[in-house]
Amino acid sequence: MAKLSKNLTCDSMDLLAGRFKEVLDFYFWKGIPCVRLWPKRYAGIISASQTASYTAFSQIGKMKSLVPPEIRENFKEWAGGTTWIWSDIFTSQCMAYWKATGEVPAVISNPSITYGSGLKHIIMQTNTSAQPWLCRHVPRSLMTTWKEYRGRKELCITPNMAPGVDCVPMRLMYSGGVAFSPPWHSKSRQGQYDVIADYSCSNWRTGAVNFFNGRPEEGPIYNYGLAWQNFSSTTPKFYRVFSTRNYAEYIMPEYYAGIQASRYCGISYDLLASKTLFWPNTAWSFSVFGNHYHYTVPSVPVLLNQAHGVALNFGGRYTINIYNPDHYFMPEYPICETGVTPMYSQVDHTNYQFLIGERWWWEYTFTPPYSRSWWLCYADRQGNLMPIYPVSGKGAKPGIGPG
């Protein structure tokens, strides 16, 4: 390290640094301008996590040039009034997604965003089958921090947004489908504990939990999930929880005459869901051909048609997995109530079809039109929706409605 003239300004140092890149490094140390040899690449052992982080950062850096111009303009609006540029926001959002999922986000292309009197219609294509969501993220007050730069502290003002609201899934675009019937294989586990007269409610539950969690999975049984508790009229005679976990496997044939697997853009099915009004926990988790999502059964039975993007390959092995989290961890249900009938929640999948269309096109029509603060989001492994791409500019008003 060598000291330079104290009369050198930051601008002068920047000019020098640009002229001697990868040879000499100019910087400030405690306000004193200095020069040293350009730092060499680290020769030590890099951990697997560091290598993965560097790889992800490099992949995300290459994705910047693929961001469509209209999306880039929205990034610039969100960066307005800060010390960040649009690519800083993009890198920050993508790295946060990678840390939560271990994957880089999808690349979007060919967006068509119709405005008129407000944001009305969005069409875009992605490079993965992952389900995209649209969420409204109202901007908050900018975040202000200080960072060390060339030996002195400088103000760093970064964007800040509220959690997403009004989240809606984009719809997969397809033209037709081919039906198939996957085989169902269900496993069950049951916990039952007989009551001892002088035991308290907590004693009864503890015994049932230990018994339930200690039991192995058994099956096959039904093609739906079921769970209930039983009580007598005044004093519980036993405490029982019973549930099933559905699992289906499908092997794509090695060859379909006249059919191109690359044209299958998704999978659809009918979902029948029901429960009793007394059941306190009806959250189910699904994994359908690699599409993970959570579903809460409503009080009134419903029949829905679900669709997910999917990439099929000849000879590939694919699974449908439905399970209730209670299957693994029995919850804190009350057990000293009386007069409660058997309680259950049930889901059933039927009418599976492979969807045919050009991969992977998505669309959504807003009702009513909205003007600001919408982001394209993807779910992490816990189902949290993380914003990646702004599909509109930054709104000025909080709450639901046009920005």
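The values are calculated or read from the model by the stated rules, or taken from the named source; none is laboratory data. None of these values were measured; they are calculated from a predicted model. Cβ placement follows ideal geometry from the backbone for every residue including glycine, while neighbour counts extend to all protein chains displayed.
The table that follows gives values for the structure above.
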{"quantity": "When residues of segment 123-148 are limited to those that are among the hydrophobic types (A, V, I, L, M, F, W, C) and more than 15 Å from the chain's Cα centre (by Cα), the one nearest to SER371 (Cα to Cα)", "calculated": "VAL138"}
{"quantity": "Verdict on ALA100 being within 28 Å of ILE267 (Cβ to Cβ) and either touching a residue at least 40 places away in the same chain (Cβ under 8 Å) or of a type in the set (A, V, I, L, M) (or both)", "calculated": "yes"}
{"quantity": "Total residues in segment 41-65, condition without any contact (Cβ under 8 Å) to a residue 12 or more places away in the chain and of a type in the set (Phe, Trp, Tyr)", "calculated": "2"}
{"quantity": "Residue pairs meeting the criteria (Cβ under 8 Å; at least 6 apart or on separate chains; first more than 16 Å from VAL138 (Cβ to Cβ) and at pLDDT 90 or above, in segment 66-85; second in a helix (DSSP H, G or I) and of a type outside the set (Gly, Ala, Ser))", "calculated": "VAL67/PHE75; VAL67/PHE90; ARG72/TRP86; PHE75/TRP86; PHE75/ILE89; PHE75/PHE90; LYS76/TRP86"}
{"quantity": "Candidates GLU148, GLU103, GLU154, filtered to the one that is at pLDDT 90 or above, farther than 26 Å from THR365 by Cα and of a type in the set (Asp, Glu)", "calculated": "GLU103"}
{"quantity": "One residue from ALA130, ALA56 being surrounded by fewer than 20 Cβ atoms within 10 Å (Cβ to Cβ) and in a helix (DSSP H, G or I)", "calculated": "ALA56"}
{"quantity": "Residue within segment 298-308 that is within 30 Å of PRO183 (Cα to Cα), modelled with pLDDT of 90 or more, crowded, with 20+ Cβ neighbours inside 10 Å and touching a strand residue (DSSP E or B) at 6+ places or on another chain (Cβ under 7 Å) present", "calculated": "yes"}
{"quantity": "Matching residues, segment 107-122, being more than 17 Å from TRP374 (Cα to Cα) and among the hydrophobic types (A, V, I, L, M, F, W, C)", "calculated": "VAL107"}
{"quantity": "When residues of segment 90-111 are limited to those that are within 18 Å of VAL391 (Cα to Cα) and among the hydrophobic types (A, V, I, L, M, F, W, C), the one surrounded by the most Cβ atoms within 10 Å (Cβ to Cβ)", "calculated": "PHE90"}
{"quantity": "Any pair with Cβ under 7 angstrom, 6 or more apart, that starts in segment 373-395 at a residue that is under 15 Å from GLU363 (Cα atoms) and ends at one that is assigned to a loop (DSSP other than H, G, I, E, B) and of a type in the set (Val, Ile, Thr)", "calculated": "TRP374/VAL391; TRP375/VAL391; LEU376/VAL391"}
{"quantity": "So TYR295, is it in a strand (DSSP E or B) and either at pLDDT below 85 or outside the structural domain of PRO183 (by TED's automatic domain parsing) (or both)", "calculated": "yes"}
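Conditions (1) closer than 28 Å to SER92 by Cβ; (2) at pLDDT below 75; (3) basic (Lys, Arg), marked per residue:
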{"residue": "LEU4", "(1), (2), (3)": "no, yes, no"}
{"residue": "ASN7", "(1), (2), (3)": "no, yes, no"}
{"residue": "ARG19", "(1), (2), (3)": "no, yes, yes"}
{"residue": "TYR27", "(1), (2), (3)": "yes, yes, no"}
{"residue": "LEU37", "(1), (2), (3)": "no, no, no"}
{"residue": "ILE46", "(1), (2), (3)": "yes, yes, no"}
{"residue": "SER49", "(1), (2), (3)": "yes, no, no"}
{"residue": "ALA52", "(1), (2), (3)": "yes, no, no"}
{"residue": "THR55", "(1), (2), (3)": "yes, no, no"}
